[in-house]
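The values are calculated or read from the model by the stated rules, or taken from the named source; none is laboratory data. Fair warning: this is a prediction, and the values are worked out from it, not measured in the lab. Neighbour counts are summed over all protein chains in view; Cβ atoms, including those assigned to glycine, are modelled from backbone coordinates with ideal geometry. Keep in mind that these areas ignore ligands, DNA and RNA; they rest on the heavy atoms of the full protein, side chains included. Shrake-Rupley method; radii C 1.70, N 1.55, O 1.52, S 1.80 Å.
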Amino acid sequence: MKPQLVLASASPRRSELLQQIGICHVIQAVDIDETPWPHESPLAYVERVANEKSAACRALRSDDLPVLAADTSVVCDGRIMGKPENRPHAVEMLTLLSGRSHQVYSAVSLRGDGHWQAVSVSEVTFRTLDQREIDAYWETGEPCDKAGGYAIQGLASIFIESITGSFSGVMGLPLFETAQLLAKQGIRVIA
C-alpha cells in the first residue's frame with residue numbers, strides 16, 4: 001500500500017496508533033530542541049514542539065507527502081514533566097504523581113496542503129503507590145523513555161484509577177483529533 005503520510009516521530013506507540021486506524025505511513029524522525037522556554041505554558045509548549053517537529057520534517061522532504069508530528073507532556077502542578085533522566089528522577093516523578101490527578105497534553109501538527117494543529121488534554125488519576133512498587137516499576141525498564149515516567153498502555157495501567165479524556169492522547173497521539181486533521185487533508189480513516 002502506498003504511504004499516505006510521513007510520521008515525524010521515532011515513537012513506536014505513535015506508529016502503532018496510526019496503524020490501528022489503517023493509516024499507511026513512513027517514519028522520519030527529526031531531532032529538535034525540546035527544552036521548554038521560560039514561563040511557557042504546557043499548552044503553548046506542546047503546540048510549539050509539535051509545530052517545530054512537523055516543520056523540520058517537511059524541510060527534509062523532497063516529496064509532497066503530508067507530515068504528521070505530535071508532542072505529549074505530562075503536567076503536574078503546572079510543571080511540565082519530561083522523560084526521566086535516571087532512576088532518582090523517575091522515582092521523584094512517580095512519587096509526585098502518586099495518589100493524585102495530573103494532566104496529559106498531546107498536540108498534533110499536520111502539514112500538507114495547509115497547516116493544522118489540534119490539542120487533546122486528558123486528566124489522569126493515579127492510585128497511591130508505595131516505594132516498593134515504584135522501584136519495581138523502574139526495574140522493568142518501561143518508564144525510561146516515557147513522559148512523566150510511565151506508559152498508560154503498559155504495566156503502569158495498574159496505577160491508573162481513572163482517566164478523563166483521550167486514552168490514545170495519553171499514549172502520545174490523540175486519534176480523535178488526528179482523524180479530524182487528516183480529513184482536512186483529504187485522508188479519511190473510514191471512507
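Can we say G114 is under 30 Å from P3 (Cα atoms), surrounded by fewer than 18 Cβ atoms within 10 Å (Cβ to Cβ), at pLDDT 95 or above and more than 20 Å from the chain's Cα centre (by Cα)? Against the criterion (under 30 Å from P3 (Cα atoms), surrounded by fewer than 18 Cβ atoms within 10 Å (Cβ to Cβ), at pLDDT 95 or above and more than 20 Å from the chain's Cα centre (by Cα)), G114 qualifies.
Screening I158 with (1) over 30 Å from L182 (Cα atoms); (2) surrounded by 16 or more Cβ atoms within 10 Å (Cβ to Cβ); (3) hydrophobic (A, V, I, L, M, F, W, C); (4) over 16 Å from the mean Cα position of the chain (by Cα) gives one miss only, at (2). Residues in segment 1-10 that are assigned to a loop (DSSP other than H, G, I, E, B), closer than 25 Å to G82 by Cβ and modelled with pLDDT of 95 or more: A8, S9. For segment 66-114, a residue qualifies if it is closer than 16 Å to Q180 by Cβ and touching a Phe, Trp or Tyr at 6+ places or on another chain (Cβ under 8 Å), and the qualifying residues are S109, L110. Take L68 and decide whether it is among the aliphatic types (A, V, I, L, M), open to solvent by 50 Å² or more (accessible area, probe 1.4 Å), closer than 19 Å to G172 by Cβ and under 18 Å from the mean Cα position of the chain (by Cα). No. S41 meets all of the listed conditions (1) open to solvent by 60 Å² or more (accessible area, probe 1.4 Å); (2) without any contact (Cβ under 8 Å) to a residue 12 or more places away in the chain but one, namely (1).
Taking the condition open to solvent by 60 Å² or more (accessible area, probe 1.4 Å) and either over 21 Å from A8 (Cα atoms) or over 14 Å from the mean Cα position of the chain (by Cα) (or both), does E142 pass? Against the criterion (open to solvent by 60 Å² or more (accessible area, probe 1.4 Å) and either over 21 Å from A8 (Cα atoms) or over 14 Å from the mean Cα position of the chain (by Cα) (or both)), E142 does not qualify. Taken as a whole, the structure places S62 among residues that are small (G, A, S) and out of contact with any Leu (no Cβ under 8 Å at 6 or more places or on another chain). Selection of segment 15-29 for residues being more than 13 Å from V67 (Cα to Cα) and open to solvent by 30 Å² or more (accessible area, probe 1.4 Å) yields E16, Q19, Q20, I21, G22.
For segment 171-191, the candidate set comprises residues that are part of a loop (DSSP other than H, G, I, E, B) and under 13 Å from the mean Cα position of the chain (by Cα); within that set, the residue that is farthest from S15 (Cα to Cα) is P174.
Okay, residues lined up against (1) farther than 19 Å from L18 by Cβ; (2) touching a residue at least 60 places away in the same chain (Cβ under 8 Å); (3) not in a loop (DSSP other than H, G, I, E, B):
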residue: E133; (1), (2), (3): yes, no, yes
residue: A136; (1), (2), (3): yes, no, yes
residue: P143; (1), (2), (3): yes, no, yes
residue: G148; (1), (2), (3): yes, yes, yes
residue: I152; (1), (2), (3): no, no, no
residue: I158; (1), (2), (3): yes, no, yes
residue: G169; (1), (2), (3): no, yes, yes
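Here are some residues: S73, S120, S109, S62. Which one is under 21 Å from W138 (Cβ atoms) and either in contact with a helix residue (DSSP H, G or I) (Cβ under 9 Å, 6 or more places away or on another chain) or open to solvent by 10 Å² or more (accessible area, probe 1.4 Å) (or both)? Unique residue meeting the criteria: S73.
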